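Following: one structure in structure tokens, then a few remarks.
Values quoted throughout were computed directly from the atomic coordinates according to the rules given, and no laboratory measurement underlies them. All of these numbers come straight from a predicted model, not from anything done at the bench. Here Cβ is always computed from backbone atoms with ideal geometry, including for glycine, and neighbour counts include all displayed protein chains.
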Amino acid sequence: MSKAILVMGGRVIDPAGGHDAEGDVLIVDGRFAAIGKHTESAIRKQHPQVSEVTTVDARGLVVAPGLIDLRVHMGEPGHDSEETIAHGAEVAVHGGFTTVACLPDTDPPLDNVAAALYVKRQSEKAGFAEVHPVCALTRNREGKELAEIGQLIEAGAVAFSDEQRATDEPGGVLRGMRYAAMFDRAVIEYAQDPGLATGAMNAGFEATLAGLPGMPAVAEELAIAQACMFAREAGCHYHAAKLTTRNAVRAVKRARKLKVKVTAEVCAHHLAFTDAVVRRAYDTNFKVFPPFRTSGDIAWLKRGLQEGVIDCISSGHRPVPPQEKELEFGRAPFGVVGLETTLAAVITHLVETGDLTLPEALAKLTINPARVMRLHHKKGAIQPGFDGDLCLFDPAAKWEVTPDALASARKNSPFIGATLTGRAKFTITRGKVFAL
Amino acid sequence: MPETAARAWTRKDLLGLEELSRAEIEHVLDTATGFKEISTRSIKKAPALRGKVVLNLFFEPSTRTKTSFSLAAQRLSADIVDIVKEASSAVKGESLVDTGRNLEAMGVDIVIIRHQQAGAPALLARSLDACVVNAGDGTHEHPTQGLLDIFTMREKLGDLTGRKIALVGDITHSRVARSNIWGLRSLGAEVGLIGPKTLIPGAFKELGVNIHHNLDEVLDHYDVFNILRIQMERQNKGLFPSVREYHYLYGIDSKRLSRMKSGVVIMHPGPINRGIEISHEVADGENSVILRQVSNGLAVRMAVLMLVQSARESHGG
């Protein structure tokens with residue numbers, strides 16, 4: 001016998017299907033059955049196999065496809081003290097995410113079939129958000145020998161990345177892109193020229209006054225442009241992760257005009273903070289890579305989002321234990337948590353500000369990342385037969401980000417102390433309802 | 001101390017001159033004037049910090065600044081403890097915050113910190129109840145040096161409003177320059193930065209200071225030339241071609257001095273590279289106040305130590 005979930009009376013937004021209207025969503029056996037008006041008796045008539053109907057009252061809430069995050073760092077394997085896959089997947093559910101991609105910069109790296117299968121197994125065992133591995137493009141992420149990409153795809157790899165090393169070994173990246181192109185998988189890299197991008201914060205006025213070494217914006221433009229050229233040569237889909245600068249947005253735009261298969265992404269926190277936050281207190285929760293830039297850069301990121309040059313918004317979630325963050329700014333590691341603040345940051349800094357409509361913003365959190373991960377045939381949209389993943393959120397709920405308000409074991413959020421708008425209330429993953 | 005003093009200064013820490021108002025800076029300088037007089041007495045001690053423990057926590061080598069703080073604390077009757085990097089737990093992997101908390105648990109009242117990392121004093125200040133005085137953090141600030149430079153300028157020139165002050169040399173890597181800029185701007189002085197383009201960040205223009213790359217064109221414009229030490233290691237990084245070329249373009253010698261205003265004030269925070277950024281004759285000449293800066297440093301640091309401690313006590317700390 002079957003089980004059904006009826007999500008009633010919400011504002012259903014499905015960016016992929018162009019749908020935005022009040023209505024109900026019916027999930028049967030973990031998959032979407034229909035959007036529209038439903039009654040229990042009608043359901044039983046249409047789906048006679050259904051023995052049990054769970055109703056979720058979504059009045060006042062937005063009902064969107066479950067959010068999809070392309071950029072989550074799990075500590076596991078290697079640094080389980082920072083975050084396990086199971087707990088990270090639970091934190092994701094708190095943020096409204098039903099699918100996340102985890103990055104290969106683990107110890108050992110996700111460069112082999114056993115590691116990819118391990119991620120999938122931990123994810124399935126936990127039963128929260130689905131965690132899909134982004135596997136290394138080359139062995140040990142060294143940019144030299146190729147990883148077994150064909151077999152890694154079989155094991156569940158959704159994309160490939162050497163994470164942080166796009167330009168360290170340019171030859172390796174180019175070969176990797178050529179090889180990955182055979183399998184129609186994206187190569188994801190965030191790119192910073194390694195010789196120039198040394199420093200603790202954005203180079204410029206603020207770094208000059210803070211007395212901290214700066215990373216110049218040109219390091220990003222250079223590396224993104226280079227990776228786009230490689231993608232052109234290789235005929236590969238390149239996904240430019242974590243854009244932060246005006247000229248990197250322009251570089252992607254130029255590449256698109258030249259018909260390079262390039263998609264791009266921004267982390268939510270890069271839309272919310274400028275480099276001016278650093279000097280206030282040298283708070284290492286503002287230490288992130290790439291660094292917070294200027295208001296001019298943010299304006300260009302927003303423009304890139306509006307014009308569709310930037311397709312996706314990610315959390316860039318990277319938990320760091322407090323003993324590592326409570327250091328001198330120059331010595332502390334980079335990284336911020338973001339799974340639980342991404343939706344609210346998007347609403348607060350893009351939707352409330354009038355830069356994007358809610359459906360436009362949600363596309364960048366659902367169907368677009370699903371396409372990059374090649375999961376768009378079953379995720380990222382509310383269509384019959386697709387996985388029954390939903391994010392039900394209150395778009396007007398104001399909440400203060402405090403350490404206690406976060407489920408994450410690590411509290412290294414730049415939003416601590418900020419008041420944001422928008423909060424997930426229910427997350428539904430393939431038939432499992434989590435009331436938050 | 002008089003009642004007014006306590007109200008004019010409310011900070012338990014001195015982290016930089018950026019955050020200080022004109023009134024606060026002037027209050028420190030006025031307090032220092034009072035302490036300078038003590039140095040001329042045969043008995044050079046005052047009881048202001050009797051029973052207090054002052055800690056010199058130095059993660060970078062320093063002779064002048066550390067000695068100056070030590071003498072300042074001693075003249076105020078405090079007990080003083082020195083910890084230098086080699087002897088500290090920093091090499092054993094203890095974090096700065098843990099080191100600070102341990103020392104505080106031993107009853108330290110004022111921590112004077114010098115550190116290679118910008119922002120390290122701010123980190124310590126928010127982790128401790130003790131007062132924290134920044135004795136130089138990375139390339140961020142060196143507030144007591146800035147204050148003593150300004151104190152010395154004020155002694156020579158009076159009110160600095162509209163006065164023209166030049167800083168010459170490696171501004172990019174100079175915490176002294178940053179503290180000078182903030183303090184002098186607050187006091188209404190005109191500030192000029194002189195040096196090669198590779199050693200002066202253009203960002204400073206946004207603070208409303210002048211930037212010059214040709215020293216000879218502005219020799220007669222400024223009332224004060226505060227000459228910064230040129231670090232030899234910058235040459236290796238390709239920021240200037242050679243010491244000889246630096247001296248040729250930016251070295252202050254008698255010839256250049258003769259083209260400056262007659263009462264021009266020549267300063268240098270030390271230690272001096274004689275014959276490179278400043279010639280022997282100019283360093284020891286009658287326009288030079290380099291040694292006066294050193295003795296003023298003592299009075300300024302006495303003022304700072306006393307003010308932060310009394311602010312902490314009046315907060316009930």
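Would you please calculate the Kirkwood hydrodynamic radius of the range B:143-294 over all C-alpha pairs and express it in Å, rounded to one decimal?
15.2 Å
Using θ = phi - 60° and the Karplus curve 6.51 cos²θ - 1.76 cosθ + 1.60, what whole-Hz ³J(HN,Hα) does each residue of the range A:358-370 get, with Gly and Pro shown as x?
Working through the residues one at a time gives 4, x, 4, 5, 5, 4, 7, 10, 9, 5, 5, x, 4 Hz.
May I ask for the Kirkwood hydrodynamic radius of the range B:1-83, worked out over all distinct Cα pairs and given in angstroms to one decimal?
14.4 Å
Any idea how far apart residue A:178 and residue A:436 come out in nm if each label point goes 7 Å out from Cα toward Cβ?
Rounded to a tenth, the inter-label distance reads 4.5 nm.
Roughly what % of DSSP beta bridges within chain A run antiparallel, to the nearest 5?
50 percent
Could you calculate the contour length gain from residue B:10 to residue B:231, that is, 0.36 nm times the residue separation minus the distance between their Cα atoms, to one decimal place in nm?
Gain in length upon complete extension: 75.9 nm.
Bins of 10 Å, beginning at zero and ending with the bin holding the largest distance: percent of Cα pairs per bin for the range A:298-436, please.
11, 35, 36, 16, 2, 0
What is the Cα radius of gyration of the protein assembly as shown over 2.2 N^0.38 Å, N being its residue count?
Ratio of Cα Rg to 2.2 N^0.38 Å: 1.12.
Taking every pair of distinct Cα atoms and averaging 1/r, then inverting, what Kirkwood hydrodynamic radius in Å comes out for the range A:165-206?
Result for the range A:165-206 stands at 12.2 Å.
Taking N as the number of residues in the range B:87-154, what value does Rg over Cα atoms divided by 2.2 N^0.38 Å take?
So the range B:87-154 has a normalised radius of gyration of 1.22.
I need the calculated FRET efficiency for the pair residue A:144 and residue B:94, taking r as the beta carbon distance and R₀ as 45 Å, to the nearest 0.05.
Efficiency at R0 = 45 Å is approximately 0.75.
When the expected Rg is taken as 2.2 N^0.38 Å, what fraction or multiple of it is the alpha-carbon Rg of chain B?
0.99
Counting only other chains, and only Cβ atoms inside 10 Å, what mean value do you get across the residues of B:118-130?
5
Quote the FRET efficiency, to the nearest 0.05, computed for residue B:274 versus residue A:405 with a Förster distance R0 of 41 Å and r equal to the Cβ-Cβ distance.
The computed FRET efficiency comes out at 0.10.
Volume per residue, Å³, of the convex hull around the alpha-carbon atoms of chain A?
With only Cα atoms used, chain A gives 126 Å³ per residue.
Kirkwood Rh, Cα Rg: Rg to Rh for the range A:354-436?
Checking Rg against Rh, the ratio lands at 1.01.
Calculate the spin-label point distance for residue A:2 paired with residue A:40, positioning each point 7 Å from the Cα along the beta-carbon direction, and give it in nanometres.
Simple spin-label model gives 1.8 nm for this pair.
Would you calculate the convex hull of the Cα atoms in the range A:165-255 and tell me its volume per residue in Å³?
With only Cα atoms used, the range A:165-255 gives 76 Å³ per residue.
Go through the range A:152-157 residue by residue and turn each phi into a ³J(HN,Hα) via Karplus (6.51, -1.76, 1.60, θ = phi - 60°); whole Hz please, and just put x for glycine and proline.
Here the 3J(HN,Hα) series is 5, 5, 4, 7, x, 5 Hz.
HN-Hα J couplings of the range A:189-205 from phi, Karplus 6.51/-1.76/1.60, θ = phi - 60°, integer Hz, Gly and Pro as x?
With coefficients 6.51, -1.76 and 1.60, one gets 9, 9, 10, 9, 4, x, x, 9, 7, 9, x, 10, 7, 4, 6, x, 3 Hz.
Over the range A:73-229, how many percent of alpha carbon pairs lie in each 5 Å bin up to the one with the longest distance?
In order of increasing distance, the bins hold 2, 10, 17, 17, 16, 14, 13, 8, 3, 1, 0 percent.
Considering only the protein assembly as shown, what is the antiparallel percent among its DSSP beta bridges, to the nearest 5?
In the protein assembly as shown, approximately 35 percent of DSSP beta bridges are antiparallel ones.
For n ≥ 4 DSSP H runs only, could you compute -39500 (n - 2.57) per run for chain A, divide by its residues and tell me the 222 nm figure to the nearest 500?
For chain A, the value works out to -8000 deg cm²/dmol.
Show log10 I(q)/I(0) for the range B:148-194 at q = 0.19, 0.21, 0.22, 0.24 Å⁻¹, two decimals, from a solvent-free Debye sum over equal Cα scatterers.
Results for the range B:148-194 at q = 0.19, 0.21, 0.22, 0.24 Å⁻¹ read -0.54, -0.65, -0.72, -0.84.
What translational diffusion coefficient, to the nearest whole µm²/s, does the range A:231-287 have by Stokes-Einstein, given a Kirkwood radius computed over alpha-carbon pairs, a temperature of 37 °C and 0.692 mPa s viscosity?
Rounded to a whole number, D works out at 250 µm²/s.
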